[in-house]
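Inspection log for the structure reproduced underneath, given as structure tokens.
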Amino acid sequence: MADHVDDGERQEGGGPAEPPRRELRQPPPQPARPAQPPLPESFPERFAPTPSEGSAPLIVGRMPAREAPRAAAQPGRSFVYSDRDARSVELTAPPPRGLMGLRGPRYEWRVEVDTTLRRDTFVASLPSRTELARFELTIEAEWSVTDPVAVVRRGLDDGAAIVRSRLLDVARTVCHRFEIDRIAEVEAAVADQLRTEPRAYEEGIGVRRCYVQVVPDQRTLRRKERFEDARDERRLTSDEVDDLRRSIRTSSDLFLRYLAQDPNRVGSLIADMRQHEQLKEERVIELYNKAVEEKIIRPAQVNEMLERLLGPMTGVLQPEGRTDLFGTRDVPLAPLPEAAAIAGETAREPERPGGPGEPDEDVMPEQLRGRSEDGVESWRPMPWDS
């Protein structure tokens, strides 16, 4: 039985003729790779997601259907045949040839698509709620081609870009709701959201499983470390100040501390302390002058108050010294002058000879004639008054 030959393919002499040469039609042009969603205007360019490395192409090869071998597709591969009208169909084996003049659809191209399971890791920096601190998101996704015909129609080669774009769109909306210190909550929320999202995309790609890890990015970590160092330094400084306040209670303590640090500055330290004491006296006098002008106190009271407040520096190195630079020690009031004590004694009523229990005696006028009115019986001038 002779082999079947198409009509019009025999020459007039009866011998088989060469098949007519037909111009091979090129496959339809591939569409451009879908661009990632634009970044908001508030995001600087340095925060743009780092482009992931391209994975192995999804479309392994193309060839004319008549030149394709008759072998079936290998595991992890799928054949997509397209006819003259650009209609595509998935076949696991080449279409059967026509028999006795009957033929099936005439295919022009055969496209081989990789359908194996793939695993890609995507790393991106996503903004937190404050937009100044950012999360570093790592997603490990397992995906594969679920619809080879859709892949061929769209002319997709880089399926990882589609998966990355879809997963990061979901994660970006979740991360923007959390503060930077809520790492565990962000990680759980992103994982839950990815679990509930559709797994099959219209591009013919499906995601089977995702693993999520969220940490602060390097820039945020450096800023956080600087803040922690500054806080620790402030805490240490505050503790040192508290220790100084507890150890330095008087000007003598301050003088001794300065002297221990630099023994050669004894003269300058004493001069500084005297200058500080002078400024203190000037402020006190200015305060009392203002009080007198406002008629809060009388001028007669100022001298006594100043005498009690301002006194000579009794000794810088003596802890019991009256002068205190910081006012941290209560200074006892000065005792009354001796003359005032004597006047108080003379102003007292003389004791009665009979004691407090006996009745008062009558005082005769002649007993009062010889007494002084101010209680001073005699007066002797001082040497400097003569």
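The values are calculated or read from the model by the stated rules, or taken from the named source; none is laboratory data. Computed from a predicted structure; not experimentally measured. In this analysis, Cβ positions are derived from the backbone assuming ideal geometry, glycine residues included, and neighbour counts consider all displayed protein chains.
Taking each residue of the stretch 236-255 that is surrounded by fewer than 17 Cβ atoms within 10 Å (Cβ to Cβ) and looking for partners that are among the β-branched types (V, I, T) with beta-carbon atoms closer than 9 Å, six or more apart or interchain, yields R245/T328; R249/T328. Note on the stretch 128-171: among residues that are basic (K, R) and over 22 Å from K224 (Cα atoms), the one that is surrounded by the most Cβ atoms within 10 Å (Cβ to Cβ) is R164. Residues considered: E320, E307. Of these, the only one that is modelled with pLDDT under 75, of a type outside the set (A, V, I, L, M) and either under 21 Å from R249 (Cα atoms) or surrounded by 13 or more Cβ atoms within 10 Å (Cβ to Cβ) (or both) is E320.
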